[in-house]
Amino acid sequence: MKRQTLYISTSIPYVNATPHLGFAQELVIADAMARHYRCRGFDVRFQTGSDENSLKNVRAAQDAGMPVPDWVASHAEQFRSLKGTLDLSFDDFIRTSSERRHAVGVETLWQRCMASGDLYRRYYRGLYCVGCEQFYEPGELVDGTCPEHLAPLETVEEENWFFRLSRYAGPLRNLVETDVLHVHPAKRKREVLDFIDQGLHDFSVSRSRERAHGWGIPVPGDPAQVLYVWFDALGNYVSALGYGSDDDSLFSRYWTRAARRIHVIGKGVVRFHAVYWPAMLLSARAPLPTGIRIHDYLTVDGIKIAKSEGNAIGPDDAVARHGTDAVRYYLLRHVRTTEDGDFSYARLAEAYRTELADGLGNLLSRTLGLIQPGMELPGRVRDPELSELASRLPRDIEDAVERFQLHQGLRAIWRLVDAANAFVSRRAPWKLAREGDEVGLQEVLDDLLTVLESLARELAVFLPATARRMQDVTRGARLGERPVCVLFPKD
């Protein structure tokens, strides 16, 4: 049977600063989804990268007194290195300023939009937020400031190329309304429909080379202009697959013929992904994404993580305290996927101690400590509650991923962890051992070992390193070994 093909991508972050936990959250969400579908037999391509051709990157390099190429290269590498820090499984990382495949892809996208008659030049004067890299209408402002950053905007006047977004209002509304382009959760779908219903305006898709300080991909046929960073950045989803190149086999496999094409993004960039990007693809006569999954923000003390706020906690710092899987666990369980969630080191430490070390870790060590070579452990769960929870666990996780509520998947796993720990307390296997009840002891340990094997299989999606260690030691226990494993050392 031919495997279904699935493309999953994250947004690509600006490299004007070092990575923070807010983007780490997006990465681990997308990674858990990719691992889930791979475990269920899908042919998955997981894509990420760095957004480098922006004015904010230029200004950050200037402030640091560094050449722009050196600045973006060093910061892009910090984002790429999160693969090891967070145990990510992405297949590709694209850099938009230095890779020819990207320039070829966005140039092709431009030329096809031009062929559709959707690009034209005109003079423009507007209010621009460099932080968002976008123009705002006066009615969108909050007390005269950017609604995202609450900062003053710049007045920009110049002649640019524009994209005829207004032409696509009807088709876009129909696609979103009917879920052909499935925007999820429902509250974000309503926002997109409201945005379309307010009237779509053509938007600028180029900047003068002078204002861009010479940084960016030149507009095909007009070298005095460079591509607007969002036209450039959105194109990464197809340029990474070889769109427009001589070898477009990946584009054919993972975009044109894919069963599903899913973008995982934050709520601050919804209009770009759910309105601008689909319109550009319609213009270029290319397939659209099938799903846009939108997470909310990670905050610190109720404030969105941002360099400007001085609260940008780095993934390396958090991992250094309690390890990769503890950070993944916190971001995937204690931050509800489609709601804002707050982070603190105190809450991370509490989750590590009570749920990981005392919960899962203690369950494993207590079980392994009582298994003796030669025990008969056929792999059955006799306890009705444990059996029911374990049997429905794959369905619970499937449902959680499909509904983009990944925290519910870990919640289902921990229902089984807690039930197994309660089972240990109730059956007291150490007492059975002292009393010489070998049959009763073996049945209890078989129940627990089988549950641990089930937990390891399902945890592979969320906590891959923990799952690998659990699989190794439970396999050894089945073979009559006496493995020792401390999953989460206590201080």
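Computed from the coordinates by the stated procedures, all read-outs in this text should not be read as laboratory data. All of these numbers come straight from a predicted model, not from anything done at the bench. Cβ atoms come from the backbone with ideal geometry, glycine included; neighbour counts cover every protein chain shown.
Miscellaneous remarks
- The chain - Rg over Rh from alpha carbon coordinates, Kirkwood radius: 1.04
- Bridges between two residues of the stretch 5-295, per DSSP, are antiparallel at a rate of about 50%.
- Principal-axis tilt of helix 68-80 within the chain, Cα atoms, nearest 10 degrees: 20 degrees
- Cα-based helix-to-principal-axis angle, 55-64 vs the chain, degrees rounded to 10: 80 degrees
- Each of Trp161, Trp430 has some number of other Cβ atoms within 10 Å of its Cβ, and from fewest to most they run Trp430, Trp161.
- Computed helical MRE - 222 nm, the chain, DSSP H runs ≥ 4 contributing -39500 (n - 2.57), nearest 500: -13500 deg cm²/dmol
- Each part gets one Cα centre, and for the stretch 51-68 versus the stretch 261-300 those centres are 25 Å apart.
- Going from the fewest other Cβ atoms within 10 Å to the most, the residues Met280, Met375 appear in the order Met375, Met280.
- Global geometry of the stretch 5-295, whether rounded, prolate or oblate, following the gyration tensor of its Cα atoms and the 1.5 cut on a/c: rounded
- The chain: angle of helix 186-197 to the longest principal axis, Cα-based, in degrees nearest 10: 10 degrees
- Contour excess over end-to-end distance, with Cα ends at Thr145 and Ala259 and 0.36 nm allotted per residue: 36.9 nm
- When you filter the trypsin sites (Lys or Arg not before Pro) in the stretch 389-491 for DSSP loop state and at most 12 other Cβ atoms inside 10 Å of their Cβ, you are left with Lys490.
- Simple spin-label estimate for Glu376 and Thr18 in nanometres, 7 Å along Cα-Cβ: 5.9 nm
- Charges were assigned to the Cβ only: +1 to each Lys and Arg, -1 to each Asp and Glu. The resulting dipole of the stretch 166-298 about its Cα centre is roughly 360 debye.
- Cβ-placed point charges (K, R +1; D, E -1), dipole of the chain about Cα centre in debye, nearest 20: 1020 debye
- Fraction of beta bridges assigned by DSSP in the chain that are antiparallel (%, nearest 5): 50 percent
- Once the Cα gyration tensor of the stretch 39-172 is diagonalised, semi-axes √(5λ) in Å: 30, 24, 18
- Estimated at 0.36 nm per residue, the fully extended path between Asp70 and Asp316 surpasses their Cα-Cα distance by 86.4 nm.
- Fewest-first ordering of Trp110, Trp230 by other beta carbons within 10 Å of each residue's beta carbon gives Trp230, Trp110.
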